[in-house]
1. In sequence order, what are the phi-derived ³J(HN,Hα) couplings for segment 12-26 according to the Karplus relation 6.51 cos²θ - 1.76 cosθ + 1.60 with θ = phi - 60°, rounded to whole Hz, with x for glycine and proline?
2. Would you mind calculating the relative contact order of segment 31-90 from Cα pairs under 8 angstrom and at least 6 residues apart, reporting the percent as a whole number?
3. Treating only the Cβ of Lys, Arg, Asp and Glu as charged (+1, +1, -1, -1), what charge dipole size does segment 1-139 show about its Cα centre? Round to the nearest 20 debye.
4. Grab the beta carbon distance between ASN131 and LYS4, set R0 = 30 Å, and tell me the FRET efficiency rounded to 0.05.
5. When only Cα pairs under 8 Å and 6 or more residues apart are kept, what is the percent relative contact order across segment 29-147?
6. Taking amide H atoms as placed 1.01 Å from N in the peptide plane, list the residues 5 or more away in sequence, or in a different chain, whose amide H sits under 5 Å from that of ARG112.
7. In deg cm²/dmol and to the nearest 500, what is the mean residue ellipticity at 222 nm of the chain if only DSSP H runs of at least 4 residues count, each as -39500 (n - 2.57), divided by the residue total?
8. Take the alpha carbon atoms of segment 57-96, find their center, do the same for segment 1-56, and report the distance between the two centers in whole angstrom.
Amino acid sequence: MIRKMTSSDRKFYLSAADEFYHTDAVEKPLPMERLNANFDEVMRSDVYLEGLILEYDGEKAGYCLLTKTFHTEAGMTLWLEDIYILEQFRGKGLGKELFAYLDENYSAKFGRLRLEVEDDNEIAVALYKKNGFRFLEYKQMIKDNKL
């Protein structure tokens, strides 16, 4: 089951996100202050950041954070900012369920879904390709500003 995050999900989200941000799938760990701020934004409004909880047999099994932007090539774009499924729940169809949920609930409003993935994360790449994603053939660049 996929559902929107609620305030009662804070402890689970913080634990799962901290675990996620200590994996090779991300550039660097995030401090707990940043994770708390992310959760606070999810609870404040879904204008910029939205949170989903993935459940399996009534247990919280993972989470997904969605951000919303506008791109001139596609119009409104939904970024799959974080997708994380706890290890014991992987391979149980939650990824497939998440993408079906996104198609059903977001495809009418968003011209594009977008995500980032490490080249060597072969399991995730296969899942994303199976669900219609393709690689863009250019590199992104970023500049972090100190807040």
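1. After applying 6.51 cos²θ - 1.76 cosθ + 1.60, I find 4, 4, 4, 5, 5, 5, 4, 4, 4, 7, 10, 10, 6, 6, 10 Hz.
2. Averaging sequence separation for qualifying contacts and normalising by length gives 24 percent for segment 31-90.
3. 420
4. FRET efficiency, ASN131 to LYS4: 0.90.
5. Across segment 29-147, relative contact order equals 17 percent.
6. LEU78
7. Rounded to the nearest 500, the figure is -9500 deg cm²/dmol.
8. Rounded to whole Å, the Cα centres lie 11 Å apart.
Each reported figure results from applying straightforward, stated rules to the coordinates on display, with no laboratory input. Not measured: the values here are computed from a predicted model. In this analysis, Cβ positions are derived from the backbone assuming ideal geometry, glycine residues included, and neighbour counts consider all displayed protein chains.
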